[in-house]
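The values are calculated or read from the model by the stated rules, or taken from the named source; none is laboratory data. The structure presented is a predicted model; accordingly, all values stated were derived computationally and were not measured. Note: ideal-geometry Cβ built from the backbone for every residue, glycine included; neighbour counts use all protein chains shown.
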């Protein structure tokens, strides 16, 4: 397994000794592996939805949201790691529930992140072009990327000894950015519909659920059965959200471009068929 080889050769390079029987984690290489996985997941998430209508929505604003998403996502991932994941990890190791892992924190941390997303999507620059959905998708990809980096780092630090551990790293890197992108894009759509307060309450519920499912999937591969199908199910819905945020003039230009491409394909197909028709007539 590739991840086992990387972990054994680079992430755990220094053997402590026979007494402990373990290796010291190379934090630098571990972070690089986690960052590569998270960035690849963010890139694939962008290519899947944003590139389809590229050039017809407010692209500069979307890229601006990526920058803010990295800052917000870094703060959110760090705060969630210290106040939620570490107590979860302690409970996982000891087999007893940590007193720090309480329901209030599980609501408060995602709520803080949701309020941050709300303020970024309510800015005049975003509202002016009606690009809440596309800006939300870009913002969510960056937030999810930072969240995946922290979770993958913790996974490598804990153990990468089985195929399931390697698969978990890949799946977190691929799906965590998409989960946050869906939530933030949905937040933007609700704001575009004038449901500002409803956007906060609805998306904080989905963010709490998403974060807990990622923690569950961190050590239990069975959890992906409940994560992957909904994300795939809402793929077409996300494309519709992005399409709805494209200005009317942009939609007309996109339809004209698609019609021109279709006519070009039909014309080229007729040109290919004509030589064969002439040959058949000569025979």
Residue satisfying condition, being in contact with a helix residue (DSSP H, G or I) (Cβ under 8 Å, 6 or more places away or on another chain) and under 18 Å from residue 206 (Cα atoms), within set 107, 122 = 107
query = Within the stretch 211-241, which residues are under 17 Å from residue 187 (Cα atoms) and either assigned to a loop (DSSP other than H, G, I, E, B) or not assigned by TED's automatic domain parsing to the domain that holds residue 147 (or both)?
reply = 234
query = Among the residues of the stretch 180-197, is any in contact (Cβ under 8 Å) with a residue 40 or more places away in the chain, farther than 21 Å from residue 58 by Cα, in contact with a helix residue (DSSP H, G or I) (Cβ under 7 Å, 6 or more places away or on another chain) and part of a helix (DSSP H, G or I)?
reply = no
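Yes/no per residue for (1) closer than 20 Å to residue 79 by Cα; (2) modelled with pLDDT of 90 or more:
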{"site": "159", "(1), (2)": "no, no"}
{"site": "182", "(1), (2)": "no, yes"}
{"site": "214", "(1), (2)": "yes, yes"}
{"site": "247", "(1), (2)": "no, no"}
ask   = For the stretch 68-83, which residues satisfy the criterion of being within 18 Å of the chain's Cα centre (by Cα) and farther than 18 Å from residue 128 by Cβ?
value = 69, 70, 71, 72, 73, 74, 75, 76, 77, 78, 80, 81
message = residue 139 - would you say it is under 26 Å from residue 168 (Cβ atoms) and either in a helix (DSSP H, G or I) or touching a strand residue (DSSP E or B) at 6+ places or on another chain (Cβ under 7 Å) (or both)?
response = yes
request  = Answer with yes or no whether residue 203 is within 16 Å of residue 37 (Cβ to Cβ), modelled with pLDDT of 90 or more, touching a helix residue (DSSP H, G or I) at 6+ places or on another chain (Cβ under 7 Å) and in the same structural domain as residue 74 (by TED's automatic domain parsing).
outcome  = no
query = Tally time: how many residues in the stretch 153-164 are assigned to a helix (DSSP H, G or I) and surrounded by fewer than 20 Cβ atoms within 10 Å (Cβ to Cβ)?
reply = 5
